[in-house]
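Participant: I'd like to ask you about the structure that follows.
Read-outs throughout are calculated quantities, based only on the coordinates presented, and are distinct from any laboratory measurement. For clarity, every value in this text was computed on a predicted model and none was experimentally measured. We place every Cβ from the backbone using ideal geometry, glycine too, and count neighbours over all the protein chains shown.
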Amino acid sequence: MDQFLPLIQQSTSYSLQEITQALEGAQQFNLSLTAQEKEALILSRNNSLTTHRRLELSDIILPTIIQRFSSSQYINNDNYLDHLMRLTDMFYHFKNATMDHVTDIELINFMEEQFNNVCYGDLDYLESTCLERFAKAVRSGKDNYQSTEGRNLYEDLSEEKRWDADLYQDVLKELFW
Amino acid sequence: MDTLQSLLPIIEMMVNKQSSMESTSITFEKAEQYMGAILYTIEVYNQAASSTKTDTTSLLPIDELSLRQQYELGVNQVLQLLKDCQILYGLIVDDFSDYRLRIYRETLIKGFPEFFKRYDPIYNPKDHLLTLDYMPMHLDTSKQGVVLIKDYLTWIHYEKSFLSLWSDPQIMDLLERVMPHYKTDYMDNICYRVLINTAACLMVGKSPSSLFITPEDAQKIQSDYGNHSESQIHELMGYLLDQLTTAYGLFATKGYEKAATYFMKQQTNLTTHFYYALKHKSLSRFLLVQL
């Protein structure tokens, strides 16, 4: 299966063009990458593909991740490269972990929503909690993510005890009325 | 690398079809499976087309077809082979007798419906799924997928037709003589066993319709052929097989064009078995002599 490794390596020049175009949109958020950082990003993507033993048939994921996450309030120029690298790696990892049952856009939608609204920018929480629970749910046969395209899944996957609004009201009444 | 490069667009097409263009990457394992599927399909096409110099469904001579064109024509060929298998299977199960032999029944009656249900001619055409525990007299097991299955069913169809010359009780009786618990324990081919006794009947000049050899028959065979060399026995077996495949007219009908050639393939096996049985004077055991 190592026959696929040269194919991964050779997509570099094509990828550079794609991500340069995607980065033009990121400029409005004061985000940019130097030429060396772009190359490092592509190399990191290639390493992720190799590590997770995936063959990419079109150079669309990295530009999509750039476009979708550049607008996040939790991303700035200091953490931009690192976040893009980690998010890309997570994407391929969890394509495997969900056994390719989840489409590209469903996974990216889930990652974006969780990153911004649940993890508040914490990549470790995104990877080790939200995405792990999602992958486990998909593997066990749950498919409600299909109807929402990977969105609005937080409540279904949450394992933490949260405030019960009705219980709260009852207790308040007991205490103060 | 060049081959892989040229197969990539076809792999991409397969992935797009299967995922409705919703996944832009696949695992290495899947890529390897798809690559195998493409190469197998192209090979099926090339083998079918090699009997004619040009492909009649295309305007281009075959060696001018692109890999993609060969693949797409190959898919049609694989699907056609699958249809041929379904027709052959229908002929086999029509008035099928399993002679109470478990391995024969389980392979053909239980196994093959699963093949037709689960065989994937597009994404995994190489995997014929079945272990084919009951083997015909001859099968080129280097073949794979629907090509192997078509061969298998063709040979079984010929063998079934040959076996139909005798009644079920006759064949079951013969198998019982081979092995009392043959129904569960006999793992060899039924047709070859019948062919041995058929050849012996012809060697003593009697009709093979009874299938059974008496002690006198066995003595006559030993006396007439016991001093023959292996090459003489080989020539004799060739003659007997030729008699068998032409005399009964069984294989003279449409659909049995390759049957005579198939049975002639047993010439060497029969030679070896008869030669050593004669040499070691063990014909009685070999031919299941009936007292």
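Participant: Express the Stokes-Einstein translational diffusion coefficient of the stretch B:1-50 in µm² s⁻¹, to the nearest whole number, given a Kirkwood radius over alpha-carbon pairs, 20 °C and a viscosity of 1.002 mPa s.
Facilitator: For the chosen part, D equals 185 µm²/s.
Participant: Positive end of the dipole of the stretch B:125-202, charges at C-beta (+1 Lys, Arg; -1 Asp, Glu), about the Cα centre: which of B:His128, B:Pro180, B:Ile190 has its Cα farthest in that direction?
Facilitator: B:His128
Participant: Quick check for me: using +1 on Lys/Arg Cβ and -1 on Asp/Glu Cβ, what's the dipole size of the protein assembly as shown about its Cα centre, in debye to the nearest 20?
Facilitator: 2220
Participant: Here's another thing I want to ask about it. Between B:Thr27 and residues 5 or more places away or on another chain, which pairs have amide H atoms under 5 Å apart, with H built 1.01 Å from N, and which residues are they?
Facilitator: A:Leu55
Participant: Same structure, new question: Compute the semi-axes of the equivalent ellipsoid of the stretch B:141-291, taking the square root of 5 times each eigenvalue of the Cα gyration tensor, and list them largest first in whole Å.
Facilitator: Those come to 26, 19, 16 Å.
Participant: Starting from the Cα of B:Ser6, step 7 Å along the direction of its Cβ; do the same at B:Thr268; then give the gap between the two resulting points in nm.
Facilitator: Distance between the two pseudo-spin positions: 3.5 nm.
Participant: Let me ask you something else. Suppose the chain between A:Arg151 and A:Gln3 were pulled fully straight at 0.36 nm per residue; how much longer would it get relative to their current alpha carbon spacing?
Facilitator: Result for the pair: 49.6 nm of gain on full extension.
Participant: Roughly what would the spin-label model give for A:Asn77 and B:Leu165, points 7 Å off Cα along C-beta, in nm?
Facilitator: 9.2
Participant: If you don't mind, another one. How big is the Rg/Rh ratio for the stretch B:80-149, C-alpha atoms only, Rh by Kirkwood, two decimals?
Facilitator: 0.95
Participant: Counting other C-beta atoms within 10 Å, and keeping those with at most 13, which DSSP coil GluC sites (Glu not before Pro) do you find in the stretch B:194-291?
Facilitator: Here the sparse-neighbourhood loop sites are B:Glu257.
Participant: Where in the stretch B:153-181 does the amide nitrogen come within less than 12 Å of the point 7 Å from the Cα of B:Ser97, taken along Cα to Cβ?
Facilitator: Only B:160-175 fall inside the zone, counting backbone N under 12 Å.
Participant: Report Rg/Rh for chain B, rounded to two decimals, where Rg is the Cα radius of gyration and Rh the Kirkwood radius.
Facilitator: In chain B, Rg relative to Rh is 1.08.
Participant: What average number of partner chain Cβ atoms lie no more than 10 Å from the Cβ of the residues making up B:16-24?
Facilitator: Mean shielding count: 4.
Participant: Distance in nm between label sites at B:Lys258 and B:Gln222, each 7 Å beyond Cα in the beta-carbon direction?
Facilitator: 4.1
Participant: Something else now. Place the peptides B:4-17, A:100-113, A:125-138 in order of packing, highest mean first, counting for every residue the other Cβ atoms within 10 Å and averaging per peptide.
Facilitator: A:100-113, A:125-138, B:4-17
Participant: Here's a follow-up. Based on the inverse mean of 1/r over its pairs of different Cα atoms, what is the Kirkwood hydrodynamic radius of the protein assembly as shown, in Å?
Facilitator: About 28.2 Å for the protein assembly as shown.
Participant: Report the residues of the stretch B:1-37 in range of a label on B:Glu43: point 7 Å along Cα→C-beta, backbone N strictly under 14 Å from it.
Facilitator: The answer is B:33-37.
Participant: To make sure I understand the rule: partners must be aspartates and glutamates, Cα under 18 Å from the Cα of B:Lys183, and not fewer than 8 residues away in the same chain. Which ones qualify?
Facilitator: B:Asp98, B:Glu106, B:Asp133, B:Asp168, B:Asp173
Participant: Rounded to the nearest 0.05, what FRET efficiency is calculated for A:Leu175 and A:Asp122 with R0 set to 35 Å and r the Cβ-Cβ distance?
Facilitator: So, using R0 = 35 Å, E works out to roughly 0.50.
Participant: I'd like the distance between the alpha-carbon centres of the stretch A:93-120 and the stretch B:172-202, rounded to an integer number of Å.
Facilitator: 62
Participant: When you take every Cα atom in the stretch A:63-155, what is the radius of gyration, and what is Dmax, the widest Cα pair distance, in Å?
Facilitator: 12.4, 39
Participant: Give the span of the stretch B:154-220's Cα atoms along each principal axis, as three whole-Å numbers ordered largest to smallest.
Facilitator: Result, largest extent first: 33, 28, 18 Å.
Participant: Report, as a whole number in µm² per second, the diffusion coefficient that Stokes-Einstein gives for the stretch B:72-206 at 10 °C and 1.306 mPa s using the Kirkwood radius over alpha carbon pairs.
Facilitator: Answer, rounded: 99 µm²/s.
Participant: Right, here's the next one. Set the Förster distance to 56 Å, then compute FRET efficiency between B:Gln86 and A:Gln21 from the Cβ-Cβ distance, nearest 0.05.
Facilitator: That pair, B:Gln86 with A:Gln21, gives E of 0.65.
Participant: Per the Cauchy relation, a quarter of the hull surface: what is the mean projected area of the convex hull of the alpha carbons in the stretch A:1-128, in nm²?
Facilitator: 7.5
Participant: Could you compute the FRET efficiency for B:Glu235 and B:His138, with r as their C-beta to C-beta distance and R0 at 22 Å, rounded to 0.05?
Facilitator: About 0.60, to the nearest 0.05.
Participant: Give me the dipole magnitude in Debye, nearest 20, for the stretch B:103-210 about the Cα centre, with unit charges on the beta carbon: positive for Lys and Arg, negative for Asp and Glu.
Facilitator: Computed about the Cα centre, the dipole is about 160 debye.
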